[in-house]
Every structure is written in structure tokens, then in C-alpha cells.
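Visitor: Structure provided below as C-alpha cells; questions to follow.
The values are calculated or read from the model by the stated rules, or taken from the named source; none is laboratory data. Fair warning: this is a prediction, and the values are worked out from it, not measured in the lab. Methodologically, a virtual Cβ is constructed for each residue, glycine included, from the backbone with ideal geometry; neighbour enumeration extends over all protein chains shown. With ligands, DNA and RNA removed, areas are computed over all heavy atoms of the protein, side chains included. Shrake-Rupley method; radii C 1.70, N 1.55, O 1.52, S 1.80 Å.
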Amino acid sequence: MFCIYCGKQIPEGTECDCRKQVYSNAPVPSPSAPAAPASDTDPYYNYNYYRNPQNPGFANPYQDSKPRISAEHQAIKDVFRSPLMLITCILFSADFVLGLLDGFSMDIFLLLSAVGLWLVYAFSHRAEAPLKTVGLKFHSVILMIQRIFLIMLYAIISILIITLAFMPEEFNEFMYDMKLYMSIYYNWNFDYNFSFTSIVFSILLAVWTCFFLFVLFYNIKMKNNVKLLSETAKGAETRRSFSVFPGVVLIMQFLCSAGSLVTYIMTAETRNRFLNSFLNSLMRQLEESYDIKINYAFNLTTNYLSIARMAVSAAALLFAAITVFSLKAKLNRAKEN
């Protein structure tokens, strides 16, 4: 790591001797000696002596020393305290709030991400002080928890697929029975002439494994970026490189979210008509089966709150991706200078 005051490389966890040198080398006037007038040659009274290039390791002990911030460190702070970061924090927070309002759904990882972003933004506004890494450490913990849940989810779904691979005939019979039931009672005919075999489940397992490895690689690269930013803010030497792969994945997620939003809006009327017909038919079937009268009819309409949440979620992903690309560009420019 490097000293934030003098820039000297020192062992990790130790304190630099530059502060001790400042006060130990400072001349102290004798209390019994008469006061001498200031002169141009007296180093105790001449400020330029302490700024003399011939004495680079000696600073004025009566002048407030400010921590030295590297160019990469300053570039990180500039991005984190920019309006771009503020908009990103607002969008992630709005996404979580709209999720609560739209069906009381709570995404705990989205909440933790929003809190971490606000911590990073808040601690980056100290103009001449090093960036505190509280928010970055918070994000590092979130990414580790997500990785653990991702591995557990992969194991559970893989076991389920392997289990289904040993009973393809039972699954086919279930699908045929479901087709017959829906066609008789709800007049809903869907084409099903596919036979599930162990080969099909093997393909599903391979696709699921590829998707898992892709998401895991994204998680590793994102955590590596957070670690690099944290080490740079501490002044520690690092061999890591900042990756734009998380930004590319965020752009892909933005495109998927934007496509889902457009599809949701374009198919809203058809979807509502189908659901109303299906649910009302189900209610009439219950009346005939149990000889009861249910005075209720479904009349589903478009939920504009869901549209607003999908739009905010897509915007949050886009601004998060732009933040990643901005950090990469700023760090590259700082290294070149």
C-alpha cells in the first residue's frame, strides 16, 4: 500500500514515518533565548525553506497536511459523486418502491443494492479526503451472497432436471391428460405432439449449465471490479484490471427489459381478454360442479403501475451500465496521464 500523505510505499497495515519526521525535525525555540526577529535565512521563520525542492521530505509542521490522492482514486471519486451516479441511485430506489406498491413484492437484493449505491454516493462527496470504502464493501458482501444463492439454485434445478429425466413417459402422459382436460372443459386446444425423452432433459441440463456459468462469470467480474475500486481507494497496489463485461451484461438486461415492456404494452388488450375469458369460464365450471351461485365476474384491465416499474427497472439497468463504462474510461484516462 501507499501512504496517503507522502506517497511512499509501505507494508500493508503499517503507519508511515513521514508524520514522525515532520514533528521530530521541527526546530523548537529555546524558552530562555530572547526572541529573534524573523529573517530571510532563518528556516524557522522562512516558509520557503519548508517548500524547498532540496528538502522534499520536510514539510512545514505548522501547515495542515492533506492526503495525497492518486489520479485513479480521483477518477473513481469523480464518477461516484457525479449526477450519473445520483440518477442511478434514484432509479434503483424507485424500482424497489414500485415493486412494493405493485403487488407488495419485495426484492431483497434490489433493496441491498440501492442501499450500497447510496453509501458509495454519500461517501464520495468529501472533496479532499480519500474515498471511504464502506459502500464498496457492502456491495462485495451482496455479490458473495448472490453467488452462494446462485450455486444453491443451480444445484436444486439440476437435481430436478436429472430426476425428471428418469420418468419421461409419466411426464408425457401428464401433458396429454392436461391437453384433454383443457379441451373438454375450457374449449382450449393447444398443440402438443412432442415426446419428452432423456435426451431432451440432457439438453435442458446443458443449457441450464451454460446459463449458470454465464451468470457466475458476471458475478465474479463484478466482484473483481468492486475489489479493484476498493484497493485503489485505499492506495494499495493491485494487479487487477477493470472489466467492462458487467456493463455489457447490464446492457443485455436493459434490452431484455425494454423488449418485455414493449411486448407487455402491445399484448395488454389480448392478454386481458384471454385471462377474463379463462377465469370466468373457470368460475362457471365451479358453479356447475358444486351447484352454487357465484355472483362474481373477472374484468382485468391493464396495470399501469407494472408498466411504470418495468420502465424504471430498464432505465436503472441502462444507467448502471453507463456508470461501469464511465469508470473504465476515467481509469484509463487517469493511467495515461
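Visitor: Please find the FRET efficiency linking Ser281 to Ile145, where r is the Cβ-Cβ separation and R0 is fixed at 51 Å, and quote it to the nearest 0.05.
Guide: Approximately 0.70, to the nearest 0.05.
Visitor: Ignoring ligands, DNA and RNA, please state the percent of accessible area on segment 146-303 from carbon and sulfur, probe 1.4 Å.
Guide: Result for segment 146-303: 68 percent of the exposed heavy-atom area is carbon or sulfur.
Visitor: Then there's this: Figure the gain on full extension for Met152 and Ala129 (residue separation times 0.36 nm, minus the Cα-Cα span) and round it to one decimal in nm.
Guide: 4.2 nm
Visitor: If you put +1 on each Lys and Arg Cβ and -1 on each Asp and Glu Cβ, how big is the dipole of segment 219-337 around its Cα centre, in Debye rounded to 20?
Guide: 840
Visitor: For each pair in Lys137/Lys221; Lys77/Lys132; Lys137/Lys335; Lys221/Lys328; Lys234/Lys335; Lys227/Lys328, compute the distance between the two Cα atoms and list the pairs where it is over 19 Å.
Guide: Those over the limit are Lys137/Lys335.
Visitor: Can you list which of the trypsin sites (Lys or Arg not before Pro) found in segment 201-261 are DSSP loop residues with at most 13 other C-beta atoms within 10 Å?
Guide: Sparse-neighbourhood loop trypsin sites (Lys or Arg not before Pro): Arg239, Arg240.
Visitor: Okay, next question. Would you mind checking segment 142-164 for residues with the amide N under 18 Å from a putative spin-label position 7 Å along Cα→C-beta of Ser202?
Guide: Answer for segment 142-164: 158-164.
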